[in-house]
Number of protein chains: 2
Amino acid sequence: MRLSRYFLPVLKETPAEAQIVSHRYMLRAGMIKQQAAGIYSWLPLGYKVLKRIEEIVHEEQIRAGHIPMLMPTLQPADLWRESGRYDAYGPEMLRFKDRHDREMLYGPTNEEMITDIFRTYVQSYKDLPLTLYHIQWKFRDEMRPRFGVMRGREFYMKDGYNFDLTKEDALHAYNRHLVSYLRTYERMGLQAIPMRADGGPIGGDYTHEFLVLAETGESEVFYDSAITELRFGNRDIDYDDVAQCQAILEEFTSRYARTDETHDETLFHQQVPEERRRRARGIEVGQIFYFGTKYSEPMGAMVVNDKGERVPVHMGSHGIGVSRLVGAIIEASHDDKGIIWPEGVTPFHCGIVNLKTGDAEADAACDAIHDSLVALGLDPLYDDRDERAGAKFATMDLIGLPWRITVGPRGLKNGVVELTCRRTGESQELPPEKAVERIAQIYGKALAEA
Amino acid sequence: MRLSRYFLPVLKETPAEAQIVSHRYMLRAGMIKQQAAGIYSWLPLGYKVLKRIEEIVHEEQIRAGHIPMLMPTLQPADLWRESGRYDAYGPEMLRFKDRHDREMLYGPTNEEMITDIFRTYVQSYKDLPLTLYHIQWKFRDEMRPRFGVMRGREFYMKDGYNFDLTKEDALHAYNRHLVSYLRTYERMGLQAIPMRADGGPIGGDYTHEFLVLAETGESEVFYDSAITELRFGNRDIDYDDVAQCQAILEEFTSRYARTDETHDETLFHQQVPEERRRRARGIEVGQIFYFGTKYSEPMGAMVVNDKGERVPVHMGSHGIGVSRLVGAIIEASHDDKGIIWPEGVTPFHCGIVNLKTGDAEADAACDAIHDSLVALGLDPLYDDRDERAGAKFATMDLIGLPWRITVGPRGLKNGVVELTCRRTGESQELPPEKAVERIAQIYGKALAEA
């Protein structure tokens, strides 16, 4: 993409309303625009990051055997009366009437609707296990929306629901979600620690929240520092393997890690040696629940088991805050110049800065680098504008592309361009085709594919 | 995908509420479930088709140089007061108040919001031309929602907006959209005829609707039959080439083609020889508009031109009904057994029917075919259930996968499987690996890629 043809409205001034760094940088980098309190447009750069995160979530859900579908944003109130949550849910639920005076709401979550879908079509244990999920816009009418997309009102969430015959099977679904979430967050360059949590309005006997450590996190967290040494890495997972999923759950949750809601100071001291006790702040980026028959019983989601008895299914629900992750990743990965995107979610794979737009040789070299990267299936952003080098560097640093190729007449005389890592600031000079090759290696695209 | 692990709730009975074939087949094939009047869940099979259509729309928009972004579903009422449409828009607009009593609405379209985004960031003609688009859920509170996703209330739409310095530039954007739409629909296996239309509530001096001919269409249409001979085909398009886009517009719109709203019987008789005059019904699947400064003037979307004068930008908007297209494609492509998906939008590339699940040789052959197709990047649906062959064929015919590979012990004794075309019903026997090769050829995947 050539920047001269793109829409990247970066701001020089830091907007006054933004209190935390991710909100400031998202506004300054032209990623979002507020349209009403807690409601944002995703400008092209922000939209690209949102999509990359969504793609990773889809890929990992599908890998775990979960089936994508899509429920609508609006729901009839009657469905929520069946579970008893219509009255229980507070003013955070956006309620209204349609032109025929029917009571509706903008879905804040989908347990009722998915249970309705399940009971409509599934009658036999033979159709289990089943996990359905969707990624859809939700609305929670927060009293005081703030922190940009971190606590917005209209937000994008993956929510998945498992249906199982027994508690044992449902706990395997729970473990499977935990495993797939660990992998999901790591692909985004995040360390998200599963912490024992409280059920809240969803309910649930078993529940873990996933927290990313960050000074601006809304939750206080207490954990054993040994946890931060754990890496999921590139493990070969069989998501049907009950023992394997259970072992990974134990590996990642056996050490003390709790939010302030469930924290127990005495236990903390008993279980964690003093030098490993950590008190910090965290951002919640996901949560998993097992809640048994809480919805299936009142809503009549029953199956016939192998003895011919009708029994309520065991369920759980599992959420990832897709739009919130954009902010959380920035909170976890930035410096005073701007964002530093992990390679997994970067909106463009690298930037190309032309130090002298208009110089025939520099223009030709940039064009060639741009076109080579595109031919390799990569997505570079080429700053071809007639601007000062300093302004171009400042923009690239602000929007946080992990790699930058700088091209100028002086370097080209020696046959080289400069490849710079955004995170370390380290640069190296190398021939243009070697810079392209290096970027291709980083993103794992074999040159042969071109 | 193995059907035993998928969620495909096909219905044997035709639901009473469905009046048209696409609605009937979408319900029967387990593609959608109604959640409230005109509000649907997209079950896994329906969701896949919706996604394939969305992908084609994205690819063709990006090819035309248009920039993706995403606006929220909810909008503040104040924005619509600026354009004067808040009062003008009737009860189809879903209006409500949030917990702080602020007036909001569920966006039925986005001219106001995109104009607000534009005026916030763009001040100079140097940043033009610019076309931004998004694909997002919309809501129109139809009095009588019906025909399934064809006239739903919550619907998925691509809407794009061009911003240009002059009327001339904006008309090129109009032409560019027309060209990209022709290509978009043809990739979906549809012939969508651009017809001169009426501006309606969007407004507009120039507007064309794209109509797919179908008996169940809501519009009466009048056209010169010569139009149906036109094919867009695989043309090499330079979307910056003003003359080329203009020539294609003329090629596809110079002959008489109008909906009942703009039909002129006298002109029809003057321009079209009797033997080519057609009166039929059509389904609207898209519309493009040029409306000049209708929104930019009242909302103050101005740029400084090269003479230093502040002038309102020329705009247009351009929509494709993404969710509606799922129904339109079925209306245009089905028989009495079910849907017949065009290859471009099929939810699975082919079906595999195991005639004798449990037979070691048949199971092994099906597994091998399935895995070979997956390795080629294809997405087959393998019916591995323990069901009668007749039931398996009926399901495959109903859900409309364009190709079916049938595997049974008798054929395997002779080293062959059967490859069947859903559209023609023609079958041929061939060795399993040749069947895979043939499917790969059809979908244009080189075997070498594996």
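Every residue, every condition in (1) under 20 Å from A:PRO9 (Cβ atoms); (2) in contact (Cβ under 8 Å) with a residue 60 or more places away in the chain; (3) in the same structural domain as A:ARG28 (by TED's automatic domain parsing); (4) in a strand (DSSP E or B), yes or no:
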site	(1), (2), (3), (4)
A:LEU373	no, yes, no, no
A:GLU387	yes, no, no, no
A:LYS392	yes, no, no, no
A:GLY411	no, no, no, no
A:THR420	no, no, no, yes
A:GLN428	no, no, no, yes
A:ILE439	no, yes, no, no
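The residue list A:VAL326, A:VAL374, A:VAL322, A:VAL304 contains one member that is of a type outside the set (Gly, Ala, Ser), within 31 Å of the chain's Cα centre (by Cα) and surrounded by fewer than 21 Cβ atoms within 10 Å (Cβ to Cβ), which is A:VAL374. Of the listed requirements (1) under 28 Å from B:MET143 (Cβ atoms); (2) in contact (Cβ under 8 Å) with a residue 60 or more places away in the chain; (3) not in a loop (DSSP other than H, G, I, E, B), B:ARG24 misses just one: (2). In this structure, A:GLY282 qualifies as in a strand (DSSP E or B) and within 27 Å of A:ILE135 (Cβ to Cβ). Restricting region B:146-156 to residues that are more than 18 Å from B:ILE56 (Cα to Cα) and facing chain A (nearest Cβ under 10 Å) leaves a set whose member that is modelled with the lowest pLDDT is B:GLY152.
Within region A:82-91, the residues that satisfy the criterion of being in a loop (DSSP other than H, G, I, E, B) and more than 8 Å from chain B (Cβ to nearest Cβ) are A:GLY84, A:TYR89, A:GLY90. Entry remark, region A:236-277: residues being closer than 21 Å to A:LEU178 by Cα, in a loop (DSSP other than H, G, I, E, B) and out of contact with any Phe, Trp or Tyr (no Cβ under 8 Å at 6 or more places or on another chain) number 9 in total.
The combined condition, being farther than 25 Å from B:LEU190 by Cβ, touching a Pro at 6+ places or on another chain (Cβ under 6 Å) and within 11 Å of chain A (Cβ to nearest Cβ), is not fulfilled by B:ALA77. Return the residue satisfying two criteria in turn: it lies in region A:136-156 and is surrounded by 21 or more Cβ atoms within 10 Å (Cβ to Cβ) and aliphatic (A, V, I, L, M), and of such residues it is nearest to A:PHE289 (Cα to Cα). Among those that are surrounded by 21 or more Cβ atoms within 10 Å (Cβ to Cβ) and aliphatic (A, V, I, L, M), it is A:MET150. For region B:332-367, the tally of residues that are part of a helix (DSSP H, G or I) and over 34 Å from the mean Cα position of the chain (by Cα) stands at 6.
Touching a Lys or Arg at 6+ places or on another chain (Cβ under 8 Å), more than 10 Å from chain B (Cβ to nearest Cβ) and part of a loop (DSSP other than H, G, I, E, B): does that describe A:PRO108? Yes: the conditions hold for A:PRO108. Does B:VAL49 meet the test of being more than 10 Å from chain A (Cβ to nearest Cβ), part of a helix (DSSP H, G or I), more than 27 Å from A:ILE32 (Cβ to Cβ) and of a type in the set (A, V, I, L, M)? When the stated conditions are applied, B:VAL49 passes them.
For region A:17-39, a residue qualifies if it is more than 9 Å from chain B (Cβ to nearest Cβ) and of a type in the set (Gly, Ala, Ser), and the qualifying residues are A:ALA18, A:SER22, A:ALA29, A:GLY38.
Can you find, within region A:243-257, the residue that is farthest from A:HIS269 (Cα to Cα) among those that are surrounded by 15 or more Cβ atoms within 10 Å (Cβ to Cβ) and more than 23 Å from the chain's Cα centre (by Cα)? The qualifying residue farthest from A:HIS269 (Cα to Cα) is A:GLN244. For region A:413-440, filtering for residues that are out of contact with any strand residue (DSSP E or B) (no Cβ under 8 Å at 6 or more places or on another chain), under 16 Å from A:LEU378 (Cα atoms) and either surrounded by fewer than 18 Cβ atoms within 10 Å (Cβ to Cβ) or among the acidic types (Asp, Glu) (or both) leaves 3.
Taking the conditions (1) within 14 Å of another protein chain (Cβ to nearest Cβ); (2) surrounded by fewer than 19 Cβ atoms within 10 Å (Cβ to Cβ); (3) over 27 Å from A:ILE32 (Cβ atoms) in turn, A:ASP169 satisfies each one other than (1). Residue pairs whose Cβ atoms lie under 7 Å apart, sitting 6 or more positions apart in sequence or on different chains, and linking a residue in region B:1-13 that is farther than 16 Å from B:ASP371 by Cα to a partner that is at pLDDT 95 or above and among the aromatic types (Phe, Trp, Tyr), are B:PRO9/A:TYR121.
B:MET143 fulfils the conditions (1) in contact with an Asp or Glu (Cβ under 6 Å, 6 or more places away or on another chain); (2) more than 30 Å from A:ILE32 (Cβ to Cβ); (3) not charged (D, E, K, R) except for a single criterion, (1). For A:GLU60, the criteria (1) more than 10 Å from every other protein chain (Cβ to nearest Cβ); (2) at pLDDT 95 or above; (3) under 29 Å from A:ALA394 (Cβ atoms) hold in every case but one, which is (3). Cβ separations smaller than 8 Å between residues 6+ apart or across chains give no pair from region A:116-131 residues that are within 8 Å of chain B (Cβ to nearest Cβ) and in a strand (DSSP E or B) to residues that are crowded, with 19+ Cβ neighbours inside 10 Å and of a type in the set (Gly, Ala, Ser). Quick check on B:TYR161: is it away from chain A (no Cβ under 13 Å), out of contact with any Lys or Arg (no Cβ under 9 Å at 6 or more places or on another chain) and among the aromatic types (Phe, Trp, Tyr)? No: the conditions fail for B:TYR161.
The values are calculated or read from the model by the stated rules, or taken from the named source; none is laboratory data. Since the structure is predicted, the reported quantities are computational estimates derived from the model, not experimental observations. Note that each Cβ is placed from the backbone with ideal geometry, even for glycine, and that neighbours are counted across all protein chains shown.
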